[in-house]
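Contents: one structure, followed by commentary.
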Amino acid sequence: MERNAEAEQNEPVQAQTPSGEADSAAYLTPGRLMARRFFREKTAVCGLVFVILLILAAIAAPLFVNGKPLLIISRASVPGAPHPAESGIFSPALRDFFAPDAQEVFVEKLFNWLLLALPASLILYGCFRKRKRILWPALAAVLVLLAVPFVASRSQMTQIDWRKAAAEDMASKYYFAAVPYGPFETSPDTYAMPSRKHPFGTDNVGRDVFARMMYGARVSLAVGFLATAIELVLGTMIGLFSGYRGGRVDLVVQRLVEIVICFPTFLLLLILMAIMLDYGARQSILLVIFVLGMTGWPGLSRLVRGEVLKARQMAYIQSCESLGVPLRSILFRHLLPNVSGPIFVSFAFSIAGSILAENSLSFLGFGVQAPSASWGELLKQAFADPLSYWNLMLWPGLAIFLCVTAFNFIADGIRRSIDLKS
């Protein structure tokens with residue numbers, strides 16, 4: 001018995017494997033733990049799914065909504081073809097894809113480039129995901145090469161009625177998009193109600209509402225993400241520097257932030273947009289992005305400053321200072337990752353706010369200018385008689401509501417996933 005007891009005492013203690021969800025969570029990285037908590041939130045997942053579908057729909061808009069044929073298999077003369085007397089395969093929509101005939105060329109080219117860049121990135125990742133040294137240089141090279149035709153191409157205006165040409169040319173096959181109308185294509189059929197020909201009806205000059213809704217999603221997403229990106233960079237940089245430096249630097253910066261906050265934000269947006277449009281600026285989307293980004297950063301900077309003031313008193317920051325770690329490393333390698341949780345939450349909320357602000361400006365006539373498509377501009381057309389033009393009120397209003405709600409759900413899900421007490 002004594003020998004058995006001694007043998008049991010001398011046996012090595014075996015490490016117990018973690019059992020249960022709480023134990024397995026201890027073996028996850030903070031990012032994976034946050035993702036697991038996020039995907040438990042049903043409302044946040046629903047919002048994320050809606051946003052992903054909206055982004056994919058905006059990117060693929062030229063494939064579903066296009067007034068030009070996607071493909072022509074010709075056996076006779078085709079107007080506008082490279083060699084009208086020859087037969088062959090032509091794509092009138094291809095040139096318009098690389099050089100869109102639109103006022104807001106930057107946004108159209110950006111989303112068209114994404115339509116090519118996303119599949120190419122996924123293919124490269126699938127081929128070289130285990131060879132990181134090859135993946136990133138190859139990905140950068142492919143993305144740059146895909147941007148070359150968009151930069152080199154120049155738009156050309158054509159007055160060809162392709163649907164009429166398809167009806168007259170019986171010897172060729174024309175393949176149109178599901179909705180064979182462009183977002184800027186007018187017709188005599190104004191204020192038409194939803195029908196098989198126009199699923200969402202037409203607006204005041206006969207443009208297809210469904211087509212303008214699809215391209216209006218591009219405008220809203222571009223403004224939401226790009227304006228919030230400017231706000232994120234400015235607010236984070238100013239908040240990090242002000243909170244870490246403290247003293248007189250913090251005092252001066254915070255007084256400047258308070259001056260900007262004192263201005264009524266929406267009134268300031270209206271004034272700046274009116275001034276810029278009076279000077280003849282044509283790229284109204286870029287103006288909206290710039291104005292929203294330059295006026296939305298003070299709140300985020302104060303949030304980041306508060307987090308930095310708490311984090312700078314912790315032992316790991318004081319250890320970095322005592323070891324002489326450079327300021328750049330302290331700010332971006334040690335402080336920023338540890339205060340990034342509230343930044344992600346603010347980023348999602350700010351996208352919703354930017355989308356709402358852009359559509360409000362367009363509704364008042366100070367945002368995206370015609371003929372560019374915008375949900376707010378469609379709502380403006382229904383303002384005269386909302387009951388008679390209910391289709392111009394229902395579809396864009398529903399899109400704005402769902403989009404803003406989805407981003408708010410995502411932001412709330414991020415907040416819950418980083419809050420260990422929830």
query = So, of the residues in the stretch 301-356 that are touching a Phe, Trp or Tyr at 6+ places or on another chain (Cβ under 7 Å) and small (Gly, Ala, Ser), which turns out to be farthest from Glu377 (Cα to Cα)?
reply = Ala348
key: Among the residues listed as Arg212, Arg218, the single one being assigned to a helix (DSSP H, G or I), under 20 Å from Ala373 (Cα atoms), in contact (Cβ under 8 Å) with a residue 40 or more places away in the chain and touching a Pro at 6+ places or on another chain (Cβ under 6 Å)   = Arg212
query = Can you spot a residue in the stretch 108-131 that is part of a helix (DSSP H, G or I), at pLDDT 85 or above and in contact with a Pro (Cβ under 6 Å, 6 or more places away or on another chain)?
reply = yes
key: Breaking point among (1) surrounded by 23 or more Cβ atoms within 10 Å (Cβ to Cβ); (2) assigned to a helix (DSSP H, G or I); (3) within 19 Å of the chain's Cα centre (by Cα), for Ala399   = (1)
task = Please work out which residue is surrounded by the most Cβ atoms within 10 Å (Cβ to Cβ), limiting yourself to the stretch 148-204 and to residues that are part of a loop (DSSP other than H, G, I, E, B) and among the charged types (D, E, K, R).
result = Asp203
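What residue, of Arg218, Arg207, is among the basic types (Lys, Arg), buried (at least 20 other Cβ atoms within 10 Å of the Cβ) and in contact with a Phe, Trp or Tyr (Cβ under 6 Å, 6 or more places away or on another chain)?
Result of the check over Arg218, Arg207: Arg218.
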note = Here the qualifying pairs (Cβ atoms under 7 Å; residues six or more apart or on different chains; first in the stretch 384-409 and modelled with pLDDT of 95 or more; second loosely packed, with under 15 Cβ neighbours inside 10 Å and assigned to a helix (DSSP H, G or I)) come out as none
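Taking the conditions exactly as written (part of a helix (DSSP H, G or I) and either in contact (Cβ under 8 Å) with a residue 24 or more places away in the chain or surrounded by fewer than 17 Cβ atoms within 10 Å (Cβ to Cβ) (or both)), does Leu286 satisfy them or not?
Working: part of a helix (DSSP H, G or I): yes; either in contact (Cβ under 8 Å) with a residue 24 or more places away in the chain or surrounded by fewer than 17 Cβ atoms within 10 Å (Cβ to Cβ) (or both): yes.
Against the criterion (part of a helix (DSSP H, G or I) and either in contact (Cβ under 8 Å) with a residue 24 or more places away in the chain or surrounded by fewer than 17 Cβ atoms within 10 Å (Cβ to Cβ) (or both)), Leu286 qualifies.
The values are calculated or read from the model by the stated rules, or taken from the named source; none is laboratory data. Keep in mind the model is a prediction, meaning the values are calculated, not measured. Glycine also receives a Cβ, built like all others from the backbone with ideal geometry; neighbour counts cover every protein chain displayed.
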